[in-house]
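A short reminder: the numbers here are calculations on the coordinates, not readings from a lab. As the structure is a prediction and not an experimental result, all values here were calculated from the model. For neighbour counting, all protein chains shown are included, and Cβ atoms are generated from backbone atoms with ideal geometry for every residue, glycine included.
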Amino acid sequence: MKYSGIDLHSNNSVVTVTDEEDRVVAEKRMPNDLAKILGLLEPWRKEIAGVVVESTFNWYWLVDGLQAAGFNVHLANTTAIKKYEGLKHSGDEADARYLAHLLRLGILPTGTILPPEQRAVRDLARKRMQLVRSRTTHILAVENITARQHGSRISSNQVKRLTPESIDQMALPDDVAFAIKTNVAVISTLSVQIDLLEKRLQERIAGRPEYGLLTSVPGIGRVLATTVLLETGPIDRFTAPGNFASYARCVDSVRTSNGKKKGEGNAKNGNKYLAWAFVEAANFALRYCVEAKRFYERKKARTNNVVAIKALAHKLARACFHILKERKPFDVTRCFA
């Protein structure tokens with residue numbers, strides 16, 4: 001039996017094939033060319049138990065290509081892999097061998113490989129978030145300019161309604177007015193593209209029953225339901241609500257010994273988009289759900305605002321797990337019993 005590990009980089013990859021005793025039978029640094037990588041693996045196709053690909057920003061093409069070629073592919077969860085720190089030497093070849101080694105032992109931490117069509121829709125939602133953040137940057141720039149010139153800010157909604165004519169009426173120096181017009185032009189362009197993305201996303205997922213169930217949760221509307229649904233993927237990959245809450249970064253990340261805190265774990269291990277979505281949902285739930293507000297106030301009285309919001313986000317994450325698992329709408333008494 002053979003095992004393969006691939007240390008993937010932006011423009012090249014180190015491909016390693018090892019046997020059952022971790023002896024290297026083939027190893028080469030290659031350009032990111034699928035045909036050449038498949039050519040290296042081809043002599044051991046029938047013997048290779050699995051191919052491990054490092055989860056980097058550019059893994060799509062390689063994983064899809066290997067799967068299409070018939071290989072059993074595993075996506076390594078790099079944040080959960082920690083090598084022995086006492087090693088004297090480490091490099092790309094050693095990393096590729098280590099991935100194959102973990103696969104052979106059956107202890108490789110893996111990530112979920114969603115089908116390409118599901119990844120495409122999920123990435124569309126992430127693109128919307130990127131554009132919204134960019135638009136917010138330009139809105140804040142206009143608010144700051146007006147604060148410097150007039151001593152008071154205008155609201156974000158007022159910024160969105162600005163036109164070249166209304167800017168000319170603000171009695172600003174010509175160069176300052178030109179700077180604001182530049183920001184407003186970008187805001188307008190981004191708003192158009194964001195609207196197009198939102199319509200496209202609605203076409204893709206609005207008909208899914210899970211989407212309607214998620215919108216029954218207080219604080220989760222159209223945008224957050226889209227994010228939660230697409231970032232979660234198949235709910236069956238989580239064995240318990242605690243696993244899902246951990247993936248959404250809604251649990252503590254600490255190391256304790258004898259009841260004392262000895263440090264912190266990897267707080268970034270999980271999905272940052274789900275973490276954002278549930279914190280946003282918690283903030284909205286405070287406005288529209290009495291039970292959520294009551295739970296938040298109890299937590300805040302014993303801790304502080306940040307911890308209380310995170311605790312409420314944790315509650316909503318667990319509720320969403322049960323909603324997606326059981327295909328039932330939100331039950332406020334069950335969530336905040």
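Just a few scattered comments:
- Structural descriptor for the range 126-257: relative contact order 20 percent, calculated from alpha carbon pairs under 8 angstrom and at least 6 residues apart.
- Magnitude of the charge dipole for the chain, about its Cα centre and with charges confined to Cβ atoms of Lys, Arg (+1) and Asp, Glu (-1), is about 1500 debye.
- Alpha carbon Rg of the chain, scaled by the compact-globule rule 2.2 N^0.38 Å: 1.24
- Nearest-0.05 FRET efficiency for ALA49 and THR136, computed from C-beta distance (R0 41 Å): 0.30
- Listed residues ILE113, ILE154, ILE187, most fluctuating in the chain (Gaussian network, C-alpha, under 10 Å): ILE154
- Amide proton proximity set for ASN271, modelled H, under 5 Å, gap of 5+: ALA248, ARG249
- For the range 126-133, Karplus couplings with θ = phi - 60° (6.51, -1.76, 1.60), whole Hz, Gly/Pro x: 5, 5, 4, 4, 4, 5, 4, 5
- Inter-part distance where the range 71-136 and the range 157-215 are each reduced to a Cα centre, Å: 34 Å
- Too-long pairs where the Cα-Cα distance tops 23 Å, listed order kept, from LYS127/LYS268; LYS46/LYS82; LYS82/LYS272; LYS127/LYS272; LYS82/LYS299; LYS293/LYS325: LYS46/LYS82; LYS82/LYS299; LYS293/LYS325
- Listed residues LEU214, LEU131, LEU274, most fluctuating in the chain (Gaussian network, C-alpha, under 10 Å): LEU131
- Shown in residue order for the range 55-68 are the 3J(HN,Hα) couplings computed by the Karplus curve 6.51 cos²θ - 1.76 cosθ + 1.60 at θ = phi - 60°: 7, 10, 5, 10, 8, 3, 4, 6, 5, 5, x, 5, 5, 5 Hz (x for Gly and Pro).
- Equivalent ellipsoid, the range 43-163 (semi-axes from 5 times Cα gyration tensor eigenvalues, Å): 47, 20, 10
- Note that the range 156-162 has calculated 3J(HN,Hα) couplings of 5, 5, 5, 4, 5, 8, 5 Hz, one per residue in order, obtained from phi through the Karplus relation 6.51 cos²θ - 1.76 cosθ + 1.60 (θ = phi - 60°); glycine and proline are x.
- Counting only DSSP beta bridges with both residues in the range 2-111, the antiparallel share comes to about 60 percent.
- Relative to the longest principal axis of the Cα atoms of the chain, helix 174-205 runs at roughly 60 degrees.
- Full extension of the chain segment joining GLU297 with LYS83 gains 72.7 nm, where the gain is 0.36 nm per residue of separation less the Cα-Cα distance.
- For the residues LEU62, LEU316, LEU230, a GNM of the chain with alpha-carbon springs under 10 Å puts the largest fluctuation on LEU62.
- Simple spin-label estimate for GLU21 and ARG153 gives 6.8 nm between the two label positions (7 Å along the Cα-to-Cβ direction from each Cα).
- Among 233-245, 294-306, the order from most to least packed when residues are scored by Cβ within 10 Å on average: 233-245, 294-306
- Mean separation of Cα contacts under 8 Å, 6 or more apart, over the residue count of the chain: relative contact order %: 12 percent
- Computed FRET value (nearest 0.05) for ASN283 with MET1, which takes r as the C-beta separation and R₀ as 56 Å: 0.60
- For the range 211-335, a/c is not less than 1.5, where a ≥ b ≥ c are the root eigenvalues of the C-alpha gyration tensor, and a/b does not top b/c. That puts it in the oblate class.
- Where only DSSP H runs of four or more residues are counted, the chain gives -18000 deg cm²/dmol as its mean residue ellipticity at 222 nm, each run worth -39500 (n - 2.57).
- The long axis of helix 272-288 is offset from the longest Cα principal axis of the chain by roughly 30 degrees.
- Nearest-0.05 FRET efficiency for ALA206 and VAL332, computed from C-beta distance (R0 22 Å): 0.35
- Rounded to 5, the percent of DSSP beta bridges in the chain classed as antiparallel: 70 percent
- Shape call, the range 2-111: gyration tensor on alpha carbons, a/c limit 1.5: rounded
- Gyration tensor verdict on the range 160-278 (Cα atoms; rounded if a/c is under 1.5, prolate if a/b is larger than b/c, oblate otherwise): oblate
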